1. Among the numbered conditions (1) assigned to a strand (DSSP E or B); (2) outside the structural domain of A16 (by TED's automatic domain parsing), tell me where G114 comes up short.
2. Considering (1) over 9 Å from the mean Cα position of the chain (by Cα); (2) touching a residue at least 60 places away in the same chain (Cβ under 8 Å), say which one D8 fails and leave the rest.
3. Within the range 73-105, restricting attention to residues that are in a loop (DSSP other than H, G, I, E, B) and of a type in the set (V, I, T), which residue is surrounded by the fewest Cβ atoms within 10 Å (Cβ to Cβ)?
4. If we scan the range 64-80, do we find a residue that is on the phi > 0 side of the Ramachandran plot and touching a His at 6+ places or on another chain (Cβ under 9 Å)?
5. Looking at the range 19-72, what strands (runs of 3 or more DSSP E) fall wholly within it and have at least 2 residues that are among the hydroxyl-bearing types (S, T, Y)?
6. Determine the pairs where a residue that is within 28 Å of I81 (Cβ to Cβ), located within the range 96-110, has a partner that is exposed (fewer than 10 other Cβ atoms within 10 Å of the Cβ) and modelled with pLDDT of 90 or more with Cβ atoms under 6 Å apart, the partner being 6 or more residues away or on another chain.
7. What residue, among those in the range 11-52 that are farther than 22 Å from T85 by Cβ and of a type in the set (D, E), is farthest from the chain's Cα centre (by Cα)?
8. List the number of the failed condition for G15; all other conditions in (1) surrounded by 12 or more Cβ atoms within 10 Å (Cβ to Cβ); (2) part of a strand (DSSP E or B) hold.
Amino acid sequence: MANIKKGDLVQIMTGATTARGGYRGKQGTVLAVIKETDKVIVEGVNLVKKHQKIGQTDRGSKTGGIITIEAPIHISNVALIDPSTKKPTKVGYLLEKDATTGKIKKTRVARKTGKAI
């Protein structure tokens, strides 16, 4: 089960540092979560060049060429950012019972501060 969802702010924990051309320590928002392979796509991280075949739109403009896109990285290589401290944290869950309906509500909390994410 993935603790990270689309729209979360995450930090890259592994790989080369930014001084050596890598992305470790960089922060970005999650654009997509691929559950089948346990991977996430983070905005501005793990950029790759893709050669796309040149085509033509209905209006006559050219499309394609060499484009830069974000490639997926494994979910274990990123950590969620605690909104209050702006530092990486693990994710915990808090189960609360609703007094009016009696249903159990599950909320994500930061392990370091205990605040809701």
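1. (1)
2. Against the list (1) over 9 Å from the mean Cα position of the chain (by Cα); (2) touching a residue at least 60 places away in the same chain (Cβ under 8 Å), D8 comes up short only on (1).
3. The residue in question is T100.
4. yes
5. Hits in the range 19-72: 62-70.
6. I104/L95; K106/Y93; K106/L95
7. Within the range 11-52, the match that is farthest from the chain's Cα centre (by Cα) is E36.
8. Condition (2) is where G15 drops out.
The values are calculated or read from the model by the stated rules, or taken from the named source; none is laboratory data. Nothing here was measured: the structure is a model prediction, and the numbers come from that model. Glycine gets a Cβ as well: all are built from the backbone with ideal geometry, and neighbour counts include every protein chain shown.
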